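Just so it is clear, none of the values below were taken in a lab; they were calculated from the coordinates. Nothing here was measured: the structure is a model prediction, and the numbers come from that model. Backbone-built Cβ (ideal geometry, glycine too); neighbour counts: all protein chains shown.
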Amino acid sequence: MNYFDLTGKTALLTGGTGVLGIAMARGLLSAGCKVALLSRNPDNLAAAATALAESAAGGEESILLLKGDVVDQSSLLAAREQLQQKWNRLDILVNAAGGNRKGATISPEDTFFDLHIDDFASVNKLNLEGTVLPSMIFGEFMRDNERGCIVNISSMAADRAITRVVGYSVAKAGVDNFTKWLAVELARKFSGRIRVNAIAPGFFIGEQNRSLLLNDDQTLTERGKTIITNTPMGRFGEAEELVTSLLYLCSDASSFVTGIVVPVDGGFSAFSGV
């Protein structure tokens with residue numbers, strides 16, 4: 001049996017237009033899924049659809065573009081209505097939307113007392129509420145079918161104290177806790193047929209962190225050097241390296257797995273630095 005086969009399934013990715021999101025969407029399409037991408041930026045949606053076109057075995061009918069904001073309930077309800085009209089089912093939800101703000105980080109020149117509390121709240125809203133709200137709204141498909149899979153995207157910052165990124169770290173720690181709480185809640189209410197897990201990527205190069213980790217000539221910044229030194233495999237991850245963990249968590253290969261956070265980090269979380 002091909003436990004990883006997702007033929008006939010439908011998936012929705014929030015934040016699915018970035019480097020990691022597109023890689024995960026491509027993996028789901030290649031496994032037989034139809035994939036809906038949700039973003040508040042129509043241009044990003046169009047670019048993602050172009051990038052994914054060759055991976056869609058079912059052609060354009062395998063990809064659905066949904067405009068929506070993960071912290072705006074009305075826009076998510078409108079996107080759900082579109083999804084319901086188009087496919088009338090949802091098997092997989094990947095909560096990949098997230099991000100950071102400068103004011104929610106502490107630069108080497110600043111201290112904790114320079115934190116911008118409004119930015120701290122905004123980062124928590126995007127990363128944590130932006131995981132909870134889509135799970136509520138799109139999870140109703142799974143409730144109605146009494147079957148489904150939610151995969152949240154966490155971070156190494158949730159489990160380890162990583163300098164500077166205080167707002168993002170707190171939010172992602174909340175995502176880890178929410179993942180476990182929701183896994184228990186849904187398993188007990190729906191006899192284990194709705195599962196909730198998370199993936200915690202290590203350090204991958206994306207548009208949001210590129211300038212922090214790489215210089216213009218592609219050499220490592222000082223922060224990039226520190227990260228590589230503390231990653232036993234000695235490199236950044238490639239976006240495609242998240243895909244197999246995602247397929248595992250979304251498929252029958254993990255039918256008795258719920259409430260876990262899978263690190264995909266080159267050994268970062270296992271290393272003490274010594």
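Considering only SER135, SER62, GLY267, whose Cα is most displaced toward the positive end of the charge dipole of the chain, charges sitting on Cβ of Lys, Arg (+1) and Asp, Glu (-1)? Checked the options; the winner is SER135.
Distant-in-sequence amide contacts of LEU214, defined by a placed amide H-H separation under 5 Å and a gap of 5 or more residues or a different chain, comprise THR221. GNM, the chain, Cα, under 10 Å: largest mean-square fluctuation among THR163, THR221, THR111? Largest GNM mean-square fluctuation: THR111. Sorted on the mean count of surrounding Cβ atoms within 10 Å across their residues, most packed first, peptides 32-39, 135-142 read 32-39, 135-142.
Sequence-ordered 3J(HN,Hα) estimates for the range 156-169 from the Karplus curve with 6.51, -1.76 and 1.60 and θ = phi - 60° stand at 4, 5, 6, 9, 10, 6, 10, 4, 6, 8, 5, x, 4, 5 Hz, glycine and proline given as x.
Applying 0.36 nm per residue to the separation of LYS102 and LYS67 and subtracting their alpha-carbon distance, the gain on full extension is 10.0 nm.
Taking θ as phi - 60° and the Karplus parameters 6.51, -1.76 and 1.60, the scalar couplings of the range 257-274 work out to 10, 8, x, 10, 10, 9, x, 10, 9, x, x, 4, 6, 8, 9, 7, x, 10 Hz in sequence order, x denoting glycine and proline. The charge dipole of the range 117-197, taken about the Cα centre with unit charges on the Cβ atoms of Lys, Arg (+1) and Asp, Glu (-1), comes to about 320 debye, rounded to the nearest 20. Dividing the helix sum by the residues of the chain, where each DSSP H run of 4 or more adds -39500 (n - 2.57), gives a mean residue ellipticity at 222 nm of -12000 deg cm²/dmol. Taking 25 Å as the straight-line reach from the Cα of LYS225, the lysines in range (excluding those fewer than 8 positions away in the same chain) are LYS102, LYS172. If you take the square roots of the eigenvalues of the alpha-carbon gyration tensor of the range 1-118 and sort them as a ≥ b ≥ c, do you get rounded (a/c under 1.5), prolate (a/b over b/c) or oblate? The shape class here is prolate.
The alpha-carbon of LYS34 sits under 20 angstrom from the alpha-carbons of these aspartates and glutamates, leaving out residues fewer than 8 places away in its chain: ASP5, GLU54, GLU60, GLU61, GLU81, ASP91, GLU140, ASP144, GLU146, GLU240, ASP252.
With 28 Å as the limit, the listed pairs LYS9/LYS189; LYS86/LYS180; LYS9/LYS180 have LYS86/LYS180 beyond it between alpha carbons.
Let me spell out the model: positive unit charges on the Cβ of Lys and Arg, negative unit charges on the Cβ of Asp and Glu, origin at the Cα centre of the range 27-176. What dipole size does that give, in debye rounded to 20?
On the way: 14 positive and 19 negative charges, 39 e Å.
Here the size comes out at about 180 debye.
In a reduced charge model with +1 at each Lys and Arg Cβ and -1 at each Asp and Glu Cβ, the chain shows a dipole moment near 640 debye about its Cα centre.
Using 1/(1 + (r/R0)^6) with R0 = 35 angstrom and r between the beta carbons of GLU238 and PHE113, what's the FRET efficiency to the nearest 0.05? Could the numbers behind the result be given before it?
Working: r = 38 Å, r/R0 = 1.10.
Calculated transfer efficiency: 0.35.
Rounded if a/c is under 1.5, else prolate if a/b is larger than b/c, else oblate: which is the range 95-174, with a ≥ b ≥ c the root eigenvalues of its Cα gyration tensor?
In terms of gyration-tensor shape, prolate.
Quick check on the range 134-212: take the gyration tensor over C-alpha atoms, sort the square-rooted eigenvalues as a ≥ b ≥ c, and tell me if it's rounded (a/c under 1.5), prolate or oblate.
Working: a/c = 3.09, a/b = 2.23, b/c = 1.38.
Prolate, because a/c is 1.5 or more and a/b exceeds b/c.
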